[in-house]
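The values are calculated or read from the model by the stated rules, or taken from the named source; none is laboratory data. These figures come from a predicted structure and were not determined experimentally. All Cβ positions, even for glycine, are placed from backbone atoms using ideal geometry, and neighbour counts span all protein chains on display. Accessible surface is based on the protein model in full, side chains and every heavy atom, while ligands, DNA and RNA are left aside. Shrake-Rupley method; radii C 1.70, N 1.55, O 1.52, S 1.80 Å.
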Amino acid sequence: MLDWYEYWHTTLDTSNAPFWKWFVGGKINASYNCVDRHLKKNKNKTAIHFVPEPENEAIQHVTYQELFVRVNEFAALLKDFVGVKKGDVVTFHLPMVAELPISMLACARLGVIHSEVFGGFTGGACATRMEDSNSRVLVTIDGYYRNGRFIDHKKNADEAVKAAEEMGLKVEKVLIWERYPGKYSSESPLVEGRDYIINDLLKDYRGKRVDPVPVAAEDPLFLMYTSGTTGKPKGVQHSTGGYLAYVTGTSKYIQDIHPEDVYWCMADIGWITGHSYIVYGPLALCASSVIYEGVPTYPDAGRPWRIAEELDVNIFHTAPTTIRGLRKVGPDEPQKYNYHFKHMTTVGEPIEPEVWKWYYEVVGKKEAIICDTWWQTETGGFLCSTVPAITPMRPGSAGPGVPGIHPVVYDDDGNEIPPGSGRAGNVCIRNPWPGLMQTIWGNPDRYVNDYFARYCKDKNSKDWRDWPYFSNDGGVQSADGYIRILGRVDDVINVSGHRLGTKEIESAALTVEEVAESAVVPVADDLKGRVPDLYVSLKPGYEPSEEIAKRVSDAVSEIIGKIAKPRKVWIVPDMPKTRSGKIMRRVLGAISNGKDVGDVTTLANGEVIPEIQKIVQGK
Ligand code: PRX
């Protein structure tokens, strides 16, 4: 499915287990595969339909030819004006605009590694990621629309540069796209010698072409930071050849994407779903991919279906949290519009059978099959899903491993839990696959420890059979191999399908002067799946107040981003602790969810529990 400059000599090299190498000896370029090679037959075809949030703004249809021109011109600018070269890391802090895939493909053309930070994150969160990857160039935009408001985004870049400097990293250049080319729409002034308007600079690069740089299959394509169990997000590093092969193959065989399809994944390119299944997979297959700038319910819950009707979208992809939201505010909207899907994907969280039913009957008009795809930032592409027209759908269950993926469920002692036993365990994948990350940027130990150490049978073994991949998800496998995902078994909370590390939120809370200790627990939520409840205790001499609680909540939004904002900040006299001083999050979780706290006899300070219950449950 891909074009290679040189074919590989070794498909899989396992000699440095578990750092698998795929397609060794192969030379390839991702930008060439997503753009250039389509020109001969399809240069007039739309590659990207950019749908602005304001409904009175025209949709932009970027053809493959136009994508080719824009990617080349920006690549030339990056190469000659910025001076980046193969192996450098360039950070993007971009929202959902066509300039994001253009920037990604321009980097890929040069062998430059891109690292996109979700647009809704703060400048500070962007800085942490820049510092970790030693990235000295930031690509951003003046502003964009979100929920009817024009958001001034450039000011986040100023914050990011300042915060990065405090961490010891000097950001050399900030490149700014204009949401309306020719008109700078931010209040934030440009810093001389640092900030440059891309749309101005591009005038000097008109007509410039840059040959795609053939890179080794194993050269990194991008970094995607994600939350784990420590306070510091990890830079998941994806390869060029293996990753591109995997997302292209799964886009075709699981999502049934063909060049004649109009495909819409309503997710954000700031997350892995968008990288794999808005940009690289669909464009490698020469599909038309829709990029929608705004929120699904703006200006009303009919918006997605009007877009689907207008563009004649026939493959649709989104997350359960979005489906739940649209079902709540506009249960009858889909039937008002004349669109027809052949295929619908869901991703990111378990989908409740009731919600699945609405998706199938109302959104899909009983004409579309649904693939519930389970996977992770680290895995590059789908792990479990049914295959359209081959394996039957089963609401609430992702499905068996996709072709080439062999899941297994282990108990805590490393025994295999037989399929059909009804017992839950830790979901693992037995075998390596090409989409799996290569490592954690700058932290290979974390790669081994977080994903392989748990169930490795022999640390000296070079045999992949001894190194199952541990997903950190719990699940149950049915007799016929379908996996039902129950959720994370580590300190990660999945809020609206977005991964948040509890430690990141807890560290943010600790920046408030009065706070002594903090603990985050997930609370079930009808729309978002899970939301964080934040417990804090104060240093001696401070009295609890609404004002402190608000400052704690604001600190979390300001340091991480609004998506991490706690449902509630509870100021408690003390945290429930074990005798060794560990905070018992399980007990706090039970209280927040109105459940029985279970056995608490081993606690060092059991007397605090009724006090906390009184604060939270009012009884
Ligand atoms: O807990 C699983 C959940 O989302 C986590 C991965 O999050 P992230 O790396 O942000 O990637 C999201 C997009 C792939 C997983 O560990 N998850 C993902 N897909 C599903 C899911 N849970 C249940 N069903 C799914 N289909």
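Summary of values
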quantity	calculated
Of residues in the range 340-391 being near the ligand (Cβ under 9 Å from one of its atoms) and modelled with pLDDT under 95, the one nearest to the chain's Cα centre (by Cα)	348
Matching residues, the range 275-310, being charged (D, E, K, R) and either surrounded by fewer than 19 Cβ atoms within 10 Å (Cβ to Cβ) or under 17 Å from the mean Cα position of the chain (by Cα) (or both)	293, 300, 306, 309, 310
Count - residues of the range 470-490 that are crowded, with 19+ Cβ neighbours inside 10 Å and part of a loop (DSSP other than H, G, I, E, B)	1
Given (1) aromatic (Phe, Trp, Tyr); (2) exposed (fewer than 15 other Cβ atoms within 10 Å of the Cβ); (3) over 27 Å from residue 437 (Cβ atoms), number of the condition residue 50 does not satisfy	(2)
Residues located in the range 227-245, provided they are under 28 Å from residue 387 (Cα atoms), within 16 Å of the ligand (Cβ to nearest atom) and open to solvent by less than 20 Å² (accessible area, probe 1.4 Å)	236, 238, 243
Within the range 311-334, considering residues that are outside any helix (DSSP H, G or I) and within 16 Å of the ligand (Cβ to nearest atom), the one most open to solvent (accessible area, probe 1.4 Å)	319
Residue satisfying all of: in the range 522-556; open to solvent by 20 Å² or more (accessible area, probe 1.4 Å) and closer than 30 Å to residue 318 by Cα; farthest from the chain's Cα centre (by Cα) among these	554
Given (1) part of a loop (DSSP other than H, G, I, E, B); (2) touching a strand residue (DSSP E or B) at 6+ places or on another chain (Cβ under 7 Å); (3) closer than 30 Å to residue 503 by Cβ, number of the condition residue 232 does not satisfy	(2)
Qualifying position, being within 16 Å of the ligand (Cβ to nearest atom) and among the aliphatic types (A, V, I, L, M), among 308, 301, 267, 287	267
Filtered residues of the range 92-130 (kept if under 23 Å from residue 190 (Cβ atoms), open to solvent by 10 Å² or more (accessible area, probe 1.4 Å) and either of a type in the set (Ser, Thr, Tyr) or in contact with a helix residue (DSSP H, G or I) (Cβ under 7 Å, 6 or more places away or on another chain) (or both))	122, 124
Unique residue being open to solvent by less than 80 Å² (accessible area, probe 1.4 Å) and closer than 30 Å to residue 160 by Cα when the list is 560, 583, 571, 591	560
Close pairs from the range 205-218: first open to solvent by less than 40 Å² (accessible area, probe 1.4 Å), partner part of a loop (DSSP other than H, G, I, E, B) and of a type in the set (Lys, Arg), Cβ under 8 Å, at least 6 apart	215/86
Residue satisfying all of: in the range 156-185; closer than 21 Å to residue 295 by Cβ and outside any strand (DSSP E or B); nearest to the chain's Cα centre (by Cα) among these	156
Pairs where the first residue, in the range 247-260, is under 8 Å from residue 287 (Cβ atoms) and the second is open to solvent by 50 Å² or more (accessible area, probe 1.4 Å), C-beta under 8 Å, 6+ apart	258/252
Checking residue 298 against (1) of a type in the set (Phe, Trp, Tyr); (2) in contact with a strand residue (DSSP E or B) (Cβ under 7 Å, 6 or more places away or on another chain); (3) not in a helix (DSSP H, G or I), the condition it does not meet	(2)
Within the range 462-502, considering residues that are more than 18 Å from the chain's Cα centre (by Cα) and of a type in the set (Gly, Ala, Ser), the one farthest from the ligand (Cβ to nearest atom)	479
Considering residues of the range 14-32 that are of a type outside the set (D, E, K, R) and in a strand (DSSP E or B) only, the residue nearest to residue 430 (Cα to Cα)	22
Which numbered condition residue 134 fails, given (1) farther than 20 Å from residue 203 by Cα; (2) in contact with a Cys (Cβ under 9 Å, 6 or more places away or on another chain); (3) not aliphatic (A, V, I, L, M)	(2)
Only listed residue being of a type in the set (Lys, Arg), more than 26 Å from residue 318 (Cβ to Cβ) and in contact (Cβ under 8 Å) with a residue 60 or more places away in the chain, chosen from 562, 503	503
